[in-house]
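Colleague: Quick one: the structure is below, questions incoming.
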């Protein structure tokens, strides 16, 4: 297979991708929009079921993507992706996977050709998270989440 028939994510580095290509890597799972806790001693990052107030918990889309950094000042900009930033992304994230030289999963919309495959694989947080509104940070540990690996297909 020549380079011109290979998918862009297999031939370009993250830094070489256009904005459109970069944005298409997002599978829309919503996991990156969940609040995280970091162990100060080990640096280990733990995900919670507590979502950013801007996340539409039904669609897993940001309510105001264009202004996300204004609306949520601590929203993580992952471009350019660094080792530190990749640690704050879920293992299933296309940005993290490509950064680490791993292939995209079967359920990723760019591979499957279907947005629904993210839900079918159990990757999406739609319907399984709660808004940060009204939940004090000191209570986030009550909402820790551990994800099973998606089944191979």
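A short reminder: the numbers here are calculations on the coordinates, not readings from a lab. All values reported here derive from a predicted model rather than from experimental measurement. Note that each Cβ is placed from the backbone with ideal geometry, even for glycine, and that neighbours are counted across all protein chains shown.
Colleague: Measure off 7 Å from each Cα along the Cα-to-Cβ vector at residue 133 and residue 13, then give the distance between these two points in nanometres to one decimal.
Modeller: So the two model labels end up 4.2 nm from each other.
Colleague: By count of other Cβ within 10 Å, fewest leading, how are 49, 100 ordered?
Modeller: Values: 49 16, 100 10.
Sorted ascending by nearby Cβ count, the order is 100, 49.
Colleague: Label-point separation (nm) for residue 74 and residue 114, each offset 7 Å from Cα along Cα-to-Cβ?
Modeller: The answer from the label model is 3.9 nm.
Colleague: Same structure, new question: How far, in nm, would the chain grow between residue 147 and residue 100 when pulled straight, counting 0.36 nm per residue and subtracting the alpha carbon separation? Don't skip to the answer; put the middle values down first.
Modeller: On the way: separation 47, 0.36 × 47 = 16.92 nm, distance 1.98 nm.
The span from residue 147 to residue 100 would gain 14.9 nm if fully extended.
Colleague: Over every pair of different alpha-carbon atoms in the stretch 1-81, take the mean of 1/r and invert it; report that Kirkwood radius in Å.
Modeller: Numbers: mean 1/r = 0.0668 Å⁻¹.
Every distinct Cα pair counted, the radius reaches 15.0 Å.
Colleague: Could you line up 135, 123 from fewest to most neighbouring Cβ atoms inside 10 Å? Provide the component values of the computation, followed by the final result.
Modeller: Details: 135 17, 123 23.
Lowest to highest Cβ neighbour count: 135, 123.
Colleague: Ok, one more. Give the whole-number value, in cubic angstrom per residue, of the convex hull volume spanned by the C-alpha atoms of the stretch 3-143.
Modeller: Numbers: hull volume 17.2 nm³, N = 141.
It comes to 122 Å³ per residue, whole-number rounded.
Colleague: Give the relative contact order (percent, whole number) for the chain; include only Cα pairs under 8 Å separated by 6+ residues. Don't skip to the end; give the middle numbers.
Modeller: Details: 180 pairs, mean separation 46.7, N = 153.
Reported as a whole number, the value is 31 percent.
Colleague: Need one number for the stretch 57-115: average projected area of the convex hull over its C-alpha atoms, nm².
Modeller: 5.1 nm²
Colleague: For the stretch 68-153, count all C-alpha to C-alpha pairs, find those more than 20 Å apart, and express that count as a whole percent of the total. Before the final figure, lay out the partial values.
Modeller: Values: 1825 of 3655 pairs.
The answer is 50 percent, as a whole percent.
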